[in-house]
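Reviewing the structure listed below.
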Amino acid sequence: MKAEVYVTLKRGVLDPQGKAIQHAIEANGSDAIAAVRQGKYFEIEVAPALEPAAARAELDRIAREILSNPVIEDYRLEIHE
Amino acid sequence: MQQPFTPEVIAEHGLTPSEYDRIVELLERHPTIVELGIFSVMWSEHCSYKSSRVHLKRLPTTGECVVQGPGENAGIVDIGEGYTVAFKIESHNHPSFIEPFQGAATGVGGILRDIFTMGARPIAAMNSLHFGDIDSQGTRRVADGVVRGIGHYGNCFGVPTIGGEVHFSDRYEKNPLVNAFALGIMKRDQIFLGKAEGVGNPVIYVGAKTGRDGIHGATMASAEFDDEALEKRPTVQVGDPFLEKLLLEACLEAMRSGAVVGIQDMGAAGLTCSTCEMGFRGGTGVEIELDLVPQRETGMTPYEIMLSESQERMLLVASHGRAREVIEIFHKWELDAVVVGRVTDDGKMRVLEHGEVVAEIPNVFLTDEAPVYHRPLARPEGEVVLELLHDALDVDAEGALLELLASPNIASKEWVYDQYDHMVRTNTVVLPGSDAAVLRVKETRKALAMTLDSNARYCEIDPRLGVMHAVAEAARNLSVTGARPLAVTNCMNFASPERPETMWQFSETIDGMSEACRAFDTPVTGGNVSFYNETDGRGIFPTPVIGMVGLIDDPKHVTTQWFAKEGHAVVLIGDETPALGGSEYLATVRGVLTGPLPGLDLDREKAVQEAVRTAITDELIVSAHDCSDGGIAVALAECCFSSYRLPAVGATVDLDFGLDAITTLFGEAPSRVIASAPVGAVAKIAEICRRIGVPCRQVGIVGGDRLRIDVRGATSVDVRVADLESAWRSRIAAAMAVGR
C-alpha cells in the first residue's frame, strides 16, 4: 500500500516562495501564468502488516502532526492499494 | 434605529457593552460593521493603551538628546555630528506562541518598519526572549521556532542581530515573550513623521498586496490564552523579508526625493490604524477608496481589507502633484504603489467602497477619545516569602558554581545567537556574548552600545525595586563597554490588567522605572505595553524589559568582559554587600523564589559607572564586566572564559566581604564591576575611584588554567576553567538537541 500526501499553504496565507517562482517564470519571458502557489509532496510506503483502516488513521495523524504545520498549511492524503 | 449587533458579536470584537454604548454616544448612531471592526482594533488594549496610559504619563520622556519622544513609530535621539538614531522595542508574544517561526519573524519585520518609516536605515536588531522550562517539549518547540524565525527575517533583510537576552522559567511555559528591538540611523534633518498634512495631497498605498491574513491580530494580542488559543491560528501572518528589504530601499529613496510629506507603516490594525493616526497627527482627515487597494485575494469585504494585517505595507502622503514620481520609485523596486485617497480638512477617516461610504469616523474618536481606564490596584497578598531558608548556605561551593553556570539563565546563549547573522554590514565591534553589543557608526567617528535587560524574578518579588535594578544593570552593561547611557525604550509585559494585582505591579514598575531613568538621565523615548500574558488564569512574572542605547565617543575605547593577559590585576570596583534574596543561586540551587532583594543606591551606582567609564577612557582598564546574576563567582568565571577574540585564562582571587562563603560567592548586588588591568595601572584606577568616591581594590591576579577563589583566607573554589566553561557552554545546545 502506498500513500501520497500533498501539503499546501492554506488559502489566503502569503506564499513568498510561490511569488518568487512566478517572478522567475515571468522574467524568463513567459506571460502564460497569473499566479503560482507551491507546496510539498510526499510518497509513503506503508508497512505491509498494517490493516487499511488503521493505516489510514495513522497516516492522517502523521500528515496532520508531522508533515504539515496546521497553523498555516492544509494537507491532502491519498492512499493507493 | 434598531440595535444592529447582538451582544455576542460585540463581545467577539473585544468590546464591553459600555464601550459599545460609548461608540453609539460618540457617533450619535449605531456603527456599521466596518466601523465596529475599526473601533474594535483601535480601542483594543494593544492599540489604545487604555489600561496603561494613565501610568505611562509618569515616565520621564524628555532630555537634552531626545529629538522625538513617545507617540511616533519610534523614539529618536541625537548622537552628534548631524546624526540621530531611531530605536524601539515591541512585543510579538501572542503570535509567537501560536506559530513561533512566523510570529517571531513578523515581529522582527514590524519593528524594522517602525524604524525605517522614520527615515532611518536599520543597522542593528536585538531580542529579549522569555521561554518556559528549558527541558519541556513545549519550550523546545517554541524556542526553536522563535530563534529560527528571528534569524530568518533579520538575516534575509540584512540587519545584524547583535545581542539581547534569553531567560527560562516555567512561568512562560504557555506564554513566551518575544520582544524585538531595532535601531536605525539617519541625518537629523531627514526625519519623517507619520503625519497626513496638506489638504488635497494624495495618499499612496505601497508595498505588499492586502490579503486575509491576521484579521483581528490586534484583538487577539489583547485576549488571554486558553485552550481555544490553537483554534485562533489562522490569524497569524506570514512575512516576506526580501520584500521588506525592497520596501526599505524604496521608502528611503522616495523620502530622499523630497516628494514624501508623511509616512506610516501598517502594523497591528493595518490600514485602519495608519489612516486614522496619520490624519489625527496631521490635524487633517484621510479619505480612501477600497476599490483601489491592491488585493491578493478576490472577493475581500471592506471589513477584511480594513482589518487585514498583511505584512510589508506602508501608507504615505505625497506632495501635491508628485504622486507619479513616488509611484515610479516604488515600481522601480517592483512594489505596488497606488493612490488610494487624499488628505481632507474634516478630521475624519472616511472609507469608500465603489464610491459609497462604508465607514466615517472622526479620528479623535479612535485616538484621544478611546477609553482610558483607571483600573483598581491591589498589592498581591502573601505570594512571595521574604524569609531566607535556614539551610540555604549548607552547600558545596564548587558544585553550586558548576550548577549555576549550567543554569539556562546564565549558560552561554550561543545556540541562539549562532543562528543570527551578527556581522552583516560589517560594523559590529563587539559580537554577542559580552555585556553589551557595540556597533561602529561609519557616518561618524563614534560607536553605539546597546543592551536589553530585564529581571523578572526580582520584579515578582518587588516590582518597583526590581525594575530599578534592571535599569541600573542596563546602564552598567553600557558603562562597562565604555559607553555613556543616552536613552531607553521599554517593553512592559504583564498579565491581565483586569486583575488589581497586575495593575499594582504595573504602577509600581512605572514608578521605579521613572525614578531610575531620571537618575541616569536616560529618558524613555517610546516602547510598547503587552497585557494579558497569561494562560489558564496563571500570569507571567511582571516582565518590564529595558532597552538602553549609549554612545562611545572613540571606538578605540570599546571594552569587553574577558580577561586578556596573564599577570593582569583583577580589580573590584564598588563594594555593595551582596545578598541571596531573589538570587539566581536560590532559584537554581535551592529551587525557591524568595526575597528580600538587594538594595540599590542610585547615587552610588552612578558613581561606580562613572569611575569605570573614566578608567576606560584613560586607557587604564583592559576588561570590565558587570557583576549581576549568579553573583561574583559567576562573573569571575565569565571573565575567564574564551571568547571570539581570546583563549580562556584562569585567575586567583581572594574575597573578604565579612560574609559566609556562599553569600560572598553567589549573593547578588548592584554597583559592582570586575575589571582587569596591568598591575602598574591599579594605583591610577584607585586614584580615579577615590576622586569620585567609589571603593576599589585589587582582589586577585589573572593567570594559570584554574579559577581559584578564596573567601576570607579559605579556598572555596579551585576548578579548571575548562571544566567550568564546558558546563556553561553546553547546557542550552544540549537541551535543544533532545529528541533530534
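Throughout, read-outs are computed from the coordinates displayed, never taken from laboratory work. These figures come from a predicted structure and were not determined experimentally. Note that each Cβ is placed from the backbone with ideal geometry, even for glycine, and that neighbours are counted across all protein chains shown.
So between B:Asp601 and B:Leu377, what do we pick up on full extension, going 0.36 nm a residue minus the alpha carbon distance? Spell out each step's value before the answer.
Working: separation 224, 0.36 × 224 = 80.64 nm, distance 2.71 nm.
Full-extension gain reported as 77.9 nm.
Can you give the Rg to Rh ratio for chain B, taking only C-alpha atoms and Rh from Kirkwood? Please list the in-between numbers first.
Numbers: Rg = 26.1 Å, Rh = 26.4 Å.
Ratio value, two decimals: 0.99.
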statement: The relative contact order of the stretch A:2-80, taking Cα pairs under 8 Å that sit 6 or more residues apart, comes to a percentage of 54
- request: Measure up B:Lys245/B:Lys413; A:Lys10/B:Lys209; B:Lys187/B:Lys446 against 23 Å on the Cα-Cα distance and list the ones that go over.
  value: B:Lys245/B:Lys413
task: Report the full-extension gain for the segment B:Val24 to B:Arg445: residue separation times 0.36 nm, less the Cα-Cα distance, to one decimal in nm.
output: 145.8 nm
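Please report, in debye to the nearest 20, how large the charge dipole of the stretch B:16-130 is about its Cα centre when each Lys and Arg carries +1 at its beta carbon and each Asp and Glu carries -1 there. Walk me through the numbers before you get to the answer.
On the way: 9 positive and 13 negative charges, 28 e Å.
Using Cβ point charges on Lys, Arg, Asp and Glu, the stretch B:16-130 gives about 140 debye.
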query: So between B:Val592 and B:Glu81, what do we pick up on full extension, going 0.36 nm a residue minus the alpha carbon distance?
result: 178.9 nm
task: Any chance you could give the angle, 0 to 90 degrees and rounded to 10, that helix A:16-27 forms with the longest Cα principal axis of chain A?
output: 50
message: Between B:Thr62 and A:Asp60, what's the calculated FRET efficiency when r is the beta-carbon distance and R0 is 56 Å? Round to 0.05.
response: 0.40
statement: Of the residues A:Ala55, B:Val343, B:Gly270, the Cα lying farthest along the dipole of the protein assembly as shown towards its positive end, which is defined by charges on the beta carbon of Lys, Arg, Asp and Glu, belongs to B:Val343
- request: Can you pull the one-decimal nm distance between simple spin-label points at B:Lys565 and B:Ser136, each 7 Å off the Cα toward Cβ?
  value: 5.0
statement: Each residue of B:645-656 has, on average, a number of other protein chain C-beta atoms within 10 Å of its C-beta equal to 0
field: Cross-link partners of B:Lys348 among lysines (Cα-Cα below 22 Å; sequence separation of 8 or more within a chain)
entry: B:Lys50, B:Lys195
- prompt: Nearest-5 percent of antiparallel DSSP beta bridges in the protein assembly as shown?
  reply: 80
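Can you figure out the FRET efficiency of B:Ile33 with A:Arg11, using R₀ = 25 Å and their beta-carbon distance, to the nearest 0.05? Don't skip to the answer; put the middle values down first.
On the way: r = 23 Å, r/R0 = 0.90.
Approximately 0.65, to the nearest 0.05.
Can you pull a Stokes-Einstein diffusion coefficient for the protein assembly as shown at 20 °C (1.002 mPa s), Rh from Kirkwood over Cα pairs, as a whole number of µm²/s? Display every interim value, and only then the final one.
Numbers: Rh = 27.9 Å.
Here the translational diffusion coefficient equals 77 µm²/s.
Rounded to the nearest 500, what is the 222 nm mean residue ellipticity of chain B from helices alone, with -39500 (n - 2.57) per DSSP H run of 4+ residues and division by all residues? The partial results should precede the final answer.
Details: 25 runs with 255 residues, N = 740.
Roughly -10000 deg cm²/dmol at 222 nm, from the helical runs in chain B.
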message: Restricting to Cα pairs below 8 Å that are 6+ residues apart, what does the relative contact order work out to for chain B? Please round to a whole percent.
response: 15
message: Between the stretch B:298-349 and the stretch B:694-732, what is the separation of their alpha carbon centroids in Å?
response: 60
statement: Pseudo-spin-label distance A:Asn28 to A:Glu73, built 7 Å along Cα→Cβ, given in nm, is 2.4
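Based on the alpha-carbon gyration tensor of the stretch A:2-80, what equivalent-ellipsoid semi-axes (square roots of 5 times the eigenvalues) come out, in whole Å, largest first?
Numbers: eigenvalues 209, 38, 13 Å².
Semi-axes, largest first: 32, 14, 8 Å.
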- line: Taking a straight Cα-to-Cα line shorter than 17 Å from B:Lys88, and setting aside same-chain aspartates and glutamates fewer than 8 residues away, one finds B:Glu72, B:Asp78, B:Asp114, B:Glu165, B:Asp265, B:Asp453
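Rounded to the nearest 500, what is the 222 nm mean residue ellipticity of chain A from helices alone, with -39500 (n - 2.57) per DSSP H run of 4+ residues and division by all residues? Show your work: numbers first, answer last.
Details: 2 runs with 23 residues, N = 81.
Per the formula, -8500 deg cm²/dmol.
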- prompt: Karplus couplings for the stretch B:663-668 from phi (6.51 cos²θ - 1.76 cosθ + 1.60, θ = phi - 60°), rounded to Hz, Gly and Pro as x?
  reply: 5, 4, 6, 10, x, 10
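Could you compute the FRET efficiency for B:Glu325 and B:Val395, with r as their C-beta to C-beta distance and R0 at 60 Å, rounded to 0.05? Mind dumping the intermediate values first?
Working: r = 71 Å, r/R0 = 1.18.
For R0 = 60 Å, the calculated efficiency reads 0.25.
Find the relative contact order for the stretch B:459-591 and round it to a whole percent, using C-alpha pairs within less than 8 Å whose residues are 6+ positions apart. Display every interim value, and only then the final one.
On the way: 184 pairs, mean separation 46.8, N = 133.
Answer for the stretch B:459-591 is 35 percent.
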For the stretch B:43-141, alpha-carbon Rg relative to the globular expectation (2.2 N^0.38 Å, N residues): 1.31
task: Please report, in debye to the nearest 20, how large the charge dipole of chain A is about its Cα centre when each Lys and Arg carries +1 at its beta carbon and each Asp and Glu carries -1 there.
output: 300
Check: the protein assembly as shown dipole with +1 on Lys, Arg Cβ and -1 on Asp, Glu Cβ, in debye: 2120
message: Under the rule of at least 5 residues apart or a separate chain, name every residue whose amide H is placed under 5 Å from the amide H of B:Thr210.
response: B:Gln295, B:Arg296
